[in-house]
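Visitor: Sending over a structure as structure tokens; questions will come in a sec.
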Amino acid sequence: MRIALVSPYDWSVPSGVNRHIGQLATQFRRWGHEATILAPASDPEGAEGECVVMGRPRTVPTSGSKARISFTWKGRAIESLLEDGGFEIVHLHEPLMPLLTYQVLRHSNAANVGTFHAAKEGGNRIYGYTRPLTRRWFRKLDGKIAVSPAAARLVGRYFPGYFNLIPNGIDFAHFAEKAAPFPEFDDGCFNILFVGRPEKRKGLKYALRAFRRIREAEPRSRLIVVGAGSFRRYERLMREDERVLFRSNVPYDELPRYHHSAHAFWSPATGNESQGIALLEAMAAGLPVAASNIEGFAGVITDEVDGLLVPPKDDEALARAVLRLRDDPALRARLGTQGQAQAVRYSWENVARRVLAYYERLLYERRQVAAARSPRREPART
């Protein structure tokens with residue numbers, strides 16, 4: 001099968017959507033399919049060999065975060081690429097995010113599939129403002145995927161329809177396999193791990209407030225903050241507490257060492273989370289987790305079964321949950337084991353097989369429609 005995977009986001013900047021696309025391409029190629037990635041890139045030379053570069057991106061605010069997308073018009077180049085590639089499937093991720101995806105949909109004659117990743121409780125301004133224009137592109141999608149009920153609810157608010165639920169995946173083995181802990185954290189402290197970008201919606205300020213409460217109850221505790229971007233503002237706030245450590249821009253290959261150096265993981269995000277990849281990666285590592293009871297997280301965690309859920313923006317409840325984990329090794333072990341069993345369902349191999357099965361179903365339906373529309377030949381008269 002010849003498959004084009006399209007990202008509207010800067011391929012030179014790591015993101016959940018780009019990682020999703022890259023992992024799908026890896027799995028498809030492993031099974032003998034041809035997978036080509038189209039994306040803009042701020043570092044075209046660095047992206048060469050990984051994707052076909054389509055324009056240079058610019059930064060725009062979106063869904064409580066920032067997105068780097070391209071507004072470059074590449075109509076002729078895209079038309080030529082699609083014709084030469086002979087793709088049977090064109091799979092667009094965030095297909096209503098300008099501008100690359102619109103151009104691909106305009107020229108594609110393949111079976112077009114769109115995956116919607118974003119979730120936002122208050123709605124999406126881009127969807128709202130661009131709906132008169134993007135309705136025509138939405139109608140060109142033969143198949144629609146949402147990574148979670150929260151993501152389906154967001155896009156369905158503006159573009160009603162059926163969305164096949166196929167979640168984001170994780171590199172389960174990367175986190176489940178034992179990684180050497182950092183010796184500096186092996187000193188008898190109870191280590192709590194936070195992984196996320198320094199964005200307001202990730203709720204780091206509630207983690208810091210909760211940690212102050214935990215330190216009052218258990219001075220031998222440590223908070224390790226890991227993520228992409230600068231934590232300078234938070235570092236200034238916590239500069240007098242040597243038990244709060246910040247690690248920015250940790251390489252992906254090194255990330256599991258932090259998980260295997262920790263005793264518990266927490267994610268106090270306040271909302272706008274479609275699924276919780278960092279949460280699932282921690283569960284894959286066997287860490288017991290405490291997380292906000294928001295829709296995106298509650299879709300992957302059952303409270304008291306494979307994790308603990310607490311009210312969002314409640315640092316006192318978050319602190320209580322982590323202190324429970326500290327004081328109850330049996331609870332930690334049970335939640336860690338159950339969480340890992342839940343996380344394996346989200347391995348990339350499982351997710352990619354579900355996506356591939358959806359492709360095959362769409363292609364079958366497409367052939368059936370074509371057969372029904374073709375004129376039937378009359379039997380020859382003798």
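Visitor: Among the residues of region 6-26, are any within 22 Å of residue 202 (Cβ to Cβ), polar (S, T, N, Q) and part of a helix (DSSP H, G or I)?
Guide: yes
Visitor: Next question. Name the residue that is nearest to the chain's Cα centre (by Cα), counting only residues in region 269-302 that are part of a helix (DSSP H, G or I) and either under 16 Å from residue 226 (Cα atoms) or at pLDDT 95 or above (or both).
Guide: Top of the filtered list is 277.
Visitor: Right, here's the next one. Inside region 80-107, can you point out the residues that are of a type in the set (S, T, N, Q) and surrounded by fewer than 22 Cβ atoms within 10 Å (Cβ to Cβ)?
Guide: 80
Visitor: Can you find, within region 237-268, the residue that is nearest to residue 335 (Cα to Cα) among those that are assigned to a helix (DSSP H, G or I) and of a type outside the set (D, E, K, R)?
Guide: Checked region 237-268; the qualifying residue nearest to residue 335 (Cα to Cα) is 259.
Visitor: Please go through (1) surrounded by fewer than 21 Cβ atoms within 10 Å (Cβ to Cβ); (2) under 15 Å from residue 92 (Cβ atoms); (3) of a type in the set (Val, Ile, Thr) for residue 6 and return the number of the only condition it doesn't satisfy.
Guide: Result: residue 6 fails condition (1) only.
Visitor: Give the residue, chosen from 101, 72, that is without any contact (Cβ under 8 Å) to a residue 40 or more places away in the chain, out of contact with any Phe, Trp or Tyr (no Cβ under 6 Å at 6 or more places or on another chain) and not in a strand (DSSP E or B).
Guide: It is 72.
Visitor: Okay, moving on. Is there a residue in region 313-325 that is touching a helix residue (DSSP H, G or I) at 6+ places or on another chain (Cβ under 9 Å), surrounded by fewer than 19 Cβ atoms within 10 Å (Cβ to Cβ) and closer than 28 Å to residue 169 by Cβ?
Guide: The answer is no, given that none of the residues of region 313-325 is touching a helix residue (DSSP H, G or I) at 6+ places or on another chain (Cβ under 9 Å), surrounded by fewer than 19 Cβ atoms within 10 Å (Cβ to Cβ) and closer than 28 Å to residue 169 by Cβ.
Visitor: Being surrounded by fewer than 16 Cβ atoms within 10 Å (Cβ to Cβ) and either modelled with pLDDT under 95 or not charged (D, E, K, R) (or both) is the requirement here; does residue 36 meet it?
Guide: The answer is no for residue 36.
Visitor: Still on this model: Between a residue in region 239-252 that is outside the structural domain of residue 198 (by TED's automatic domain parsing) and any residue that is aliphatic (A, V, I, L, M), which pairs come within a Cβ distance under 9 Å, given they are 6 or more apart or on different chains?
Guide: none
Visitor: Still on this model: Within region 172-195, work out how many residues are surrounded by 20 or more Cβ atoms within 10 Å (Cβ to Cβ) and within 15 Å of residue 349 (Cβ to Cβ).
Guide: 3
Visitor: Which condition number does residue 194 fail, the rest of (1) farther than 23 Å from residue 252 by Cα; (2) in contact with a Gly (Cβ under 8 Å, 6 or more places away or on another chain); (3) at pLDDT 90 or above being met?
Guide: Unmet for residue 194, out of (1) farther than 23 Å from residue 252 by Cα; (2) in contact with a Gly (Cβ under 8 Å, 6 or more places away or on another chain); (3) at pLDDT 90 or above: (1).
Visitor: What is the residue count in region 303-319 for residues that are under 26 Å from residue 212 (Cβ atoms) and part of a loop (DSSP other than H, G, I, E, B)?
Guide: Residues in region 303-319 being under 26 Å from residue 212 (Cβ atoms) and part of a loop (DSSP other than H, G, I, E, B): 5 in total.
Visitor: If you don't mind, there's one more thing I want to ask. Can you pull out the helices (runs of 4 or more DSSP H) entirely within region 129-230 that have at least 3 residues that are farther than 18 Å from residue 318 by Cβ and not polar (S, T, N, Q)?
Guide: Correct list: 149-158, 172-176.
Visitor: Across region 39-79, which residue is farthest from residue 9 (Cα to Cα) among those that are buried (at least 16 other Cβ atoms within 10 Å of the Cβ) and among the basic types (Lys, Arg)?
Guide: Applying the filter and picking the extreme gives 74.
Visitor: Looking at region 329-338, can you tell me whether even one residue there is surrounded by 15 or more Cβ atoms within 10 Å (Cβ to Cβ), of a type in the set (Lys, Arg), assigned to a helix (DSSP H, G or I) and touching a His at 6+ places or on another chain (Cβ under 8 Å)?
Guide: yes
The values are calculated or read from the model by the stated rules, or taken from the named source; none is laboratory data. Quantities reported herein were computed from a predicted structural model and do not represent experimental measurements. Every residue, glycine as well, gets a Cβ built from its backbone with ideal geometry; the counts of neighbours run over all protein chains shown.
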